[in-house]
Amino acid sequence: MSTIMSTITKTSINGGEFLVKETEAKDIFIFEEFTEEQKMMAQACQDFIDTEIHPRSEEIDSMKHPELVPSIFKKAGDLGLLGIAVPEEFGGMGMSFNSSMLIADIIGGAGSFSTTYGAHTGIGTLPILYYGTEDQKSKYLPKLATGEWAACYCLTEPDAGSDANSGKTKATLTEDGKHYLINGQKMWISNAGFADLFIVFAKIENDKNLTAFIVEKGFGGITMNEEEKKMGIKGSSTRQVFFNDCKVPVENMLSDRQNGFKIAVNILNIGRIKLGAGVLGGCRSVASMSVKYAGERKQFGVSINSFGAIKQKLAEMAVRTYACESLCYRAGQDIEDRMDALAAEGMPDAQAKLKALEEFAIEAAIAKVHGSEVLDYVVDQGVQVYGGMGYSADAPMERAYRDARISRIYEGTNEINRMLMVGMLLKRAMKGEINLFEPAMAVSAELTSVPSFETVDTSELFAAEKETIKKLKKVFLMVGGKAAMALADKMESEQEVMMNLADLMIEIYAAESVILRTEKLVGMRGEEACQPQIAMTQVYLFEAVEKIQTAAKEAIAAFTKGDEQKVMLMGLKRYTKADLVNTKELRRQVADYMIEKGKYPFS
Amino acid sequence: MKILVCITHVPDTTSKIQFTENNTKFDKNGVQYIIGPYDDYALARAVEIKEQLGASLTVLNVGEAETEPTLRKALAIGADDAIRVNSFPKDSFFVAKQIAAIAKQNGYDLILMGRESIDFNGGMVHGMVGELLGMPSISPVMKLEIEGDKVKMAREIEGGKEYVDAKLPLVAGCQEPIAEWKIPNMRGIMSARTKPLVVVEPTADAVVTDVTSFILPPAKGTVKLVDKDNVGELVRLLKNEAKVL
């Protein structure tokens with residue numbers, strides 16, 4: 001693979017630019033390109049889950065043995081899984097960004113432990129890695145990378161959830177100027193129960209913005225409520241944390257005063273894309289278990305996997321999981337390439353990483369929303385395939401179903417993320433960082449002109465599908481452009497329209513990623529070997545077009561009337577015209593392949 | 001001390017087993033390969049000995065280029081270097097000959113391997129290697145402790161255990177619970193890349209057997225329930241259908 005990569009020049013793309021630029025298959029990274037070493041790491045991680053976690057899922061969730069999760073956590077540390085993203089000089093593995101995505105992906109199949117893992121390695125460790133001084137990094141990172149210490153992230157408060165900057169926790173400088181006294185209450189803190197280190201956000205005096213602090217448990221003044229009783233991820237410690245004159249040395253302030261909100265936002269960016277990847281392990285394991293169960297369960301004298309209704313479900317689980325993989329690793333590599341490019345220009349490592357992540361914040365939000373909704377879909381269908389057993393706590397689907405639900409809520413709710421991605425895009429367009437204006441004007445002009453009757457040469461694989469993607473981008477430019485003009489400042493209060501626009505962005509990015517992945521894969525393995533992937537690609541695109549049509553119609557109806565509305569609806573019809581595919585047959589083809597392999601066989 | 005661990009490259013236990021070419025060739029299509037589970041125990045024990053007593057640890061596989069990821073996994077788990085004898089492992093005697101040739105060259109104190117592979121399950125290689133090298137060969141070893149040049153072992157025997165002492169050098173075919181399987185850690189995986197993996201050509205062909213064909217066991221049939229009052233029917237079925245009486 002490395003030889004292929006080095007002989008092909010990759011064209012780089014900026015964050016959000018997928019809406020106005022075409023990407024070629026050679027320019028994206030696909031799951032199938034992971035190296036032998038990366039695959040070995042993924043397998044080691046899977047072996048860890050299979051031996052240390054799966055056999056004890058019930059015991060972990062019962063929380064009857066408070067020492068159990070910390071002991072598994074320590075073992076993860078021994079294997080090096082807690083220091084994946086931490087540079088080697090600070091005791092970590094210093095692995096590439098997409099490798100860390102892959103590990104998050106596999107750990108995602110570990111139920112509640114994946115939250116423990118994500119809270120520690122992501123929001124717990126990264127603030128220090130990206131914003132800490134050299135002293136702070138060398139003091140804390142080696143402990144966190146090896147699992148000697150566990151970390152948690154204290155941002156949310158009872159009255160400050162999605163509106164994080166409104167937190168009331170205060171930090172007051174002591175008279176001698178050597179310490180801050182932190183007072184306040186934090187809520188929904190993952191890992192709080194056994195954490196040794198707390199990243200705490202508080203306001204100094206009457207500051208408008210938050211400031212972040214590194215707080216050791218040993219500083220004192222920290223108390224906690226009992227464990228929260230949750231719907232799912234029951235084995236992950238979640239507690240309220242109270243800071244009562246917690247005495248923090250001034251040198252433990254993280255970054256500058258009032259920079260906390262920015263830290264919170266940037267760290268959540270990473271959390272989001274990691275969560276996108278982090279649902280994949282769960283999706284694969286639920287899809288694979290469903291394939292097995294459907295083969296074993298007999299009704300009317302035959303295995304239920306022989307029924308079209310069941311095949312439809314199995315195939316659809318695969319189609320969406322495949323799409324999520326495609327977009328996550330595409331975005332992951334774009335981020336990694338940008339990190340490398342900035343570092344090569346001489347930017348300090350931490351800064352380069354942050355900048356790259358900020359650049360692709362839109363894609364990160366897409367990954368989070370798409371991933372969490374795919375997971376929810378997959379577990380829901382998993383329960384359905386299991387039927388009555390799906391509802392029983394004695395079978396694995398019940399837990400998977402409950403555990404999945406949090407993903408749409410944490411790391412910024414999917415609603416917040418949808419609005420963020422639209423908001424960020426518009427902001428970038430205003431700043432001239434992305435040229436939406438001209439393409440939007442061109443689409444607007446095209447709407448009132450005679451449609452082109454040119455036919456696309458469909459002899460090449462995916463030529464028609466790529467043409468559809470081009471047109472779907474025009475749908476976004478048409479609806480988004482008009483919404484921006486018609487709603488202007490009111491846009492933010494028209495959240496429903498923003499969510500419609502976000503759905504267009506998500507589906508365009510996902511469908512394009514799927515097509516490009518399959519195209520690249522066909523290039524590697526040949527068309528014959530990729531028939532199920534080609535089928536999945538056609539199904540996904542069909543569904544994306546349908547979703548885009550609905551979302552666009554809703555948006556158009558919300559802010560246009562009369563002739564203008566007519567023109568837009570005609571435009572929508574024109575841009576969403578695609579050949580009808582036989583989804584029934586395609587899904588059967590995918591399901592039969594899964595049944596033959598006895599699992600989700602695409603990664 | 002120099003330890004050699006012989007590793008087989010075998011299909012994952014959940015693989016679907018199929019044959020091609022008129023049932024004479026194993027169908028590798030879509031099969032995932034692993035370190036033979038018994039060899040994995042042997043390797044885990046060798047890594048422990050290396051950590052406790054200090055030793056150089058070499059892993060060896062007789063196989064074609066496709067087996068290298070399996071060898072590299074063994075390096076990630078803790079071996080220092082690897083040797084691949086570049087040939088399809090034609091039969092037990094062929095493999096034993098290759099191992100013996102390498103061992104004669106390099107002079108190992110302890111040669112460990114699994115009690116058997118899990119593909120062809122011959123369970124003969126350790127015995128043959130011992131014979132070819134003139135060393136004691138003990139199997140299946142479930143416990144192995146080294147005290148000086150003495151090796152204290154426990155063997156599984158019918159209905160119990162047998163304790164065996166022998167002197168180095170020796171060959172042992174291992175099984176659980178000799179050690180716990182080791183999952184390679186991330187650092188091990190990263191360092192495996194830079195550890196030496198030498199490819200050597202096999203010594204003269206020493207094949208003594210020829211596989212004519214394979215057959216899969218018959219598919220599991222359905223369960224027949226016989227009413228408890230109908231013992232005659234049960235006897236008839238056992239006689240005529242199951243043919244066990």
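A short reminder: the numbers here are calculations on the coordinates, not readings from a lab. Computed from a predicted structure; not experimentally measured. Neighbour counts are summed over all protein chains in view; Cβ atoms, including those assigned to glycine, are modelled from backbone coordinates with ideal geometry.
The table that follows gives values for the structure above.
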item: Pairwise centroid distance, computed over Cα atoms, of the range B:71-98 with the range A:436-483, Å; result: 58 Å
item: Rounded to 10°, Cα long-axis angle of helix B:37-53 versus longest principal axis of chain B; result: 30 degrees
item: Rel. contact order, % - alpha carbon contacts under 8 angstrom, at least six apart, chain A; result: 15 percent
item: The range B:149-245: GluC sites (Glu not before Pro) falling in loop per DSSP and having at most 11 other Cβ within 10 Å; result: B:E158
item: Chain B, relative contact order in percent, only Cα pairs under 8 angstrom and at least six apart counted; result: 24 percent
item: Set of lysines with alpha-carbon distance to A:K139 below 20 Å, sequence-local pairs under 8 removed; result: A:K74, A:K178, A:K217, A:K247
item: Candidates per GluC sites (Glu not before Pro) in the range A:63-154, loop by DSSP, up to 12 other Cβ within 10 Å; result: A:E67
item: 20 Å binning of all Cα-Cα separations within the protein assembly as shown, expressed as whole percents from 0 upward; result: 14, 40, 34, 11, 1
item: Cα radius of gyration and Dmax for the range A:254-351 (Å); result: 21.3, 69
item: Shielding of B:69-81 by partner chains, average beta-carbon count, 10 Å; result: 1
item: Euclidean distance between Cα centres, the range A:499-556 to the range B:114-157, Å; result: 56 Å
item: Pair A:R257, A:T133: separation of 7 Å Cα→Cβ label points (nm); result: 1.5 nm
item: Point-charge dipole on Cβ atoms (K/R +1, D/E -1) for the range B:2-220, about Cα centre, debye to 20; result: 380 debye
item: Cα-Cα separations in the range B:71-225 greater than 23 Å, expressed as whole percent; result: 50 percent
item: Over 19 Å between alpha carbons, listed pairs A:K470/A:K573; A:K482/A:K553; A:K21/A:K274; A:K599/B:K16; B:K97/B:K161; A:K474/A:K577; result: A:K21/A:K274; B:K97/B:K161
item: Spin-label pair A:K298/B:E66, simplified geometry with 7 Å Cα→Cβ offset, distance in nm; result: 3.5 nm
item: Computed over the range A:1-144, the ratio Rg/Rh where both radii use C-alpha atoms and Rh is Kirkwood; result: 1.04
item: Longest DSSP-loop-exposure-free segment, trypsin sites (Lys or Arg not before Pro), chain B, at most 10 other Cβ within 10 Å; result: B:1-219
item: FRET efficiency estimate (nearest 0.05) - Cβ-Cβ, B:W181 to B:A206, R0 41 angstrom; result: 0.80
item: Centre separation in Å (Cα based) which lies between the range A:280-305 and the range B:182-245; result: 24 Å
item: Angle between chain A longest axis and helix A:280-296 axis [Cα atoms, degrees, rounded to 10]; result: 60 degrees
item: Overall form of the range A:434-597 per C-alpha gyration tensor (a/c, 1.5; a/b vs b/c); result: prolate
item: Proxy reagent accessibility, fewest Cβ within 10 Å first, across A:T156, A:T11; result: A:T11, A:T156
item: Mean separation of Cα contacts under 8 Å (6+ apart) over length of the range B:111-206, as relative contact order %; result: 28 percent
item: Aspartates and glutamates whose Cα lies under 13 Å from that of A:K353, excluding same-chain neighbours fewer than 8 positions away; result: A:D334, A:E336, A:D337, A:D340, A:E345
item: Label point 7 Å beyond Cα of A:Q351 along Cβ direction - residues of the range A:122-140 with amide nitrogen under 15 Å; result: A:130-134
item: Spacing of the two label points (7 Å from each Cα toward its C-beta) at A:D457 and B:I17, in nm; result: 5.2 nm
item: Chain A, dipole about Cα centre (Lys/Arg Cβ +1, Asp/Glu Cβ -1), debye to the nearest 20; result: 1140 debye
item: Listed residues B:P69, A:V379, B:G107: farthest to the positive end of the dipole of the protein assembly as shown (Cβ charges); result: A:V379
item: Burial ordering of B:T209, B:T14, fewest other beta-carbon atoms within 10 Å first; result: B:T14, B:T209
item: Given 11 as the ceiling on other Cβ atoms within 10 Å, longest exposed-site-free region of chain A for chymotrypsin sites (Phe, Trp or Tyr not before Pro) in DSSP loops; result: A:1-299
item: Only Lys, Arg (+1) and Asp, Glu (-1) charged, at Cβ; the range B:3-74 dipole about Cα centre in debye; result: 60 debye
item: Nearest 10 degrees, 0 to 90: helix A:531-559 Cα axis against chain A principal axis; result: 80 degrees
